[in-house]
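The values are calculated or read from the model by the stated rules, or taken from the named source; none is laboratory data. Here the structure is a predicted model, which is why all the values come from computation and not from measurement. Virtual Cβ from ideal backbone geometry, glycine too; neighbours counted across all protein chains shown. Each accessible area value is taken on the protein alone, full model and side chains, heavy atoms only, with ligands, DNA and RNA left out. Shrake-Rupley method; radii C 1.70, N 1.55, O 1.52, S 1.80 Å.
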Amino acid sequence: MFNDIGPLELVTLIVLAVLVFGPDKLPKVIQDVTRTIRKIREFSESAKNDIREELGPEFKDFEFEDLNPKTFIRKQLDNEDLGLKEIRNGFDLKKEMAEVTDAVHSRDADSSSSSSSGAGSSGGRIDMTKKPETPDRDDRPPFDADAT
């Protein structure tokens, strides 16, 4: 519940509570707060039990935490029936990236040897910038009947 509160923030809250309530009333306020939190937890647990009873025996394994989308997706991805673990384990990102870099480097080496003999050499580099094509005067843009 308070996972993101740091030690400095906690000390600040304690000092603020002592200043607001005073040292003599602070224990009573803490007891009231803990009693209220306990009642809220009991109420939520009884509501969960009532819902489970109403759903019937088909949903005896139902967990309310599964309603959280992150938990639901994580649980479905870990499901063995879908075979996603085999797909995930069969995909090696490092190997794929090594193949791509090898392909780029071999293309770079081939083009640098052929372009170095030419007059317009750019130092063995491939120009990867996208240059707009200028259409001819008589060329019309393509017409898409589905788009209109």
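Scanning region 1-20 for residues that are open to solvent by less than 90 Å² (accessible area, probe 1.4 Å) and either touching a helix residue (DSSP H, G or I) at 6+ places or on another chain (Cβ under 9 Å) or modelled with pLDDT of 90 or more (or both) gives Ile5, Val11, Thr12, Val15, Ala17, Val18.
Residues checked against (1) at pLDDT 70 or above; (2) farther than 30 Å from Ile51 by Cβ; (3) touching a Lys or Arg at 6+ places or on another chain (Cβ under 6 Å):
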site: Asn68; (1), (2), (3): yes, no, no
site: Phe72; (1), (2), (3): yes, no, no
site: Gly83; (1), (2), (3): no, yes, no
site: Gly90; (1), (2), (3): yes, yes, no
site: Leu93; (1), (2), (3): yes, yes, no
site: Met97; (1), (2), (3): yes, yes, no
site: Ala103; (1), (2), (3): yes, yes, no
site: Arg107; (1), (2), (3): no, yes, no
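Residues in region 21-44 that are open to solvent by 100 Å² or more (accessible area, probe 1.4 Å) and modelled with pLDDT under 90: Pro23 only.
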